[in-house]
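The numbers here are math on the coordinates, done by the rules we state, and not lab data. Only a predicted model underlies this, so the values are computations on that prediction, with no experimental measurement involved. Every residue, glycine as well, gets a Cβ built from its backbone with ideal geometry; the counts of neighbours run over all protein chains shown.
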Amino acid sequence: MRDPKGGQPRRRGPRPQTAQGIELRALGKIEPGEEVTVSYVDFLNVTEDRQRQLKMHYFFDCTCEHCKGHIKDDLKMGGKEVDGVKVPEEQVKEVTEYSLQMLQKMDKARLEGNYHEVIKICRECMEKQEPVLADTHIYQLRMWSTASEVSAYLQFIDEAADYARKMVDGYNKLYHPCNAHLGMATMRAGVTHWQAGKIEVGHGMICKAYAILQRTHGPTHPITKDLEAMRMQTEMELRMFRENEYIYKSMREAALKNQPMSMMNEPMAESVKNLFRRQKK
């Protein structure tokens with residue numbers, strides 16, 4: 001950070017050898033005289049927890065619109081609504097407390113590197129969460145996020161893609177459309193769908209992540225550049241998929257097995273429709 005008076009780097013030690021700077025990027029139109037704000041902590045926490053973090057690490061009480069109005073706290077700890085009927089609050093509270101205990105168990109197993117136990121805990125917890133908690137409940141979102149990441153590591157790719165989709169759907173209801181956390185999560189979900197062979201969904205998510213991170217990180221950031229390359233690659237694969245799904249799937253299988261492509265004679269057109277019919281969403 002630079003000293004606003006002298007323009008010199010602020011000293012961080014007796015003999016500093018580097019200077020630090022902060023780049024602020026506008027996420028939307030800023031009117032003349034409008035207050036410019038920056039987020040110090042992740043919005044994916046309820047107001048009370050954000051205030052506690054700010055007080056502990058930055059020594060101030062936040063008076064922004066979101067904190068004063070406890071905006072979206074109800075979604076972050078809310079229950080599911082089915083056909084206009086809400087799950088009873090007592091049941092939501094019970095599953096919320098259970099989820100917190102399971103998250104602690106999950107974190108312990110993860111620190112120990114016991115990833116099969118992590119997935120077991122996630123599946124057990126999600127089985128109780130999904131009928132009761134809203135898809136924006138932060139404990140359920142955390143379970144989906146961890147389950148997606150660990151499932152991908154264990155090569156349960158289809159399962160990982162499903163969890164990632166649910167996670168991003170929830171994030172979209174909570175985060176600002178140009179939030180960096182949303183962009184990174186969407187990128188991860190897009191790559192997971194791509195790996196699972198769900199090229200249409202994967203390409204769409206990668207394009208969305210690219211649009212967000214261009215705004216939050218800038219076009220020259222390494223992550224944005226990587227995303228641009230992925231966007232171009234998935235666009236090419238999507239065209240191939242739409243032109244001939246059979247050939248695309250055969251090439252993909254060969255690539256996954258790291259083997260030269262070998263194909264049997266392509267089935268007749270009618271057989272292709274039956275064998276490789278696209279799954280209904």
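Just so you know, in the range 106-121 the residues that are without any contact (Cβ under 8 Å) to a residue 40 or more places away in the chain and surrounded by 17 or more Cβ atoms within 10 Å (Cβ to Cβ) include one that is farthest from the chain's Cα centre (by Cα), and it is Ala109. Screening Phe156 on (1) surrounded by fewer than 19 Cβ atoms within 10 Å (Cβ to Cβ); (2) touching an Asp or Glu at 6+ places or on another chain (Cβ under 8 Å) shows it passes everything except condition (2). The range 66-149 holds helices (runs of 4 or more DSSP H) entirely within its bounds, and those carrying 2 or more residues that are of a type outside the set (Asp, Glu) and over 19 Å from Gly170 (Cα atoms) map to 89-111, 115-129. The combined condition, being within 14 Å of Ala209 (Cα to Cα), among the hydroxyl-bearing types (Ser, Thr, Tyr) and in a helix (DSSP H, G or I), is fulfilled by Tyr171.
Scanning the range 208-238 for residues that are touching a Ser or Thr at 6+ places or on another chain (Cβ under 8 Å) and in a helix (DSSP H, G or I) yields Lys208, Ala209, Tyr210, Ile212, Leu213, Gln214. Screening Lys249, Lys173, Lys166, Lys208 for residues that are under 30 Å from Tyr139 (Cα atoms) and touching a Phe, Trp or Tyr at 6+ places or on another chain (Cβ under 8 Å) leaves exactly one candidate, Lys166.
Among the candidates Thr216, Thr192, the residue that is crowded, with 18+ Cβ neighbours inside 10 Å and either without any contact (Cβ under 8 Å) to a residue 60 or more places away in the chain or among the basic types (Lys, Arg) (or both) is uniquely Thr192.
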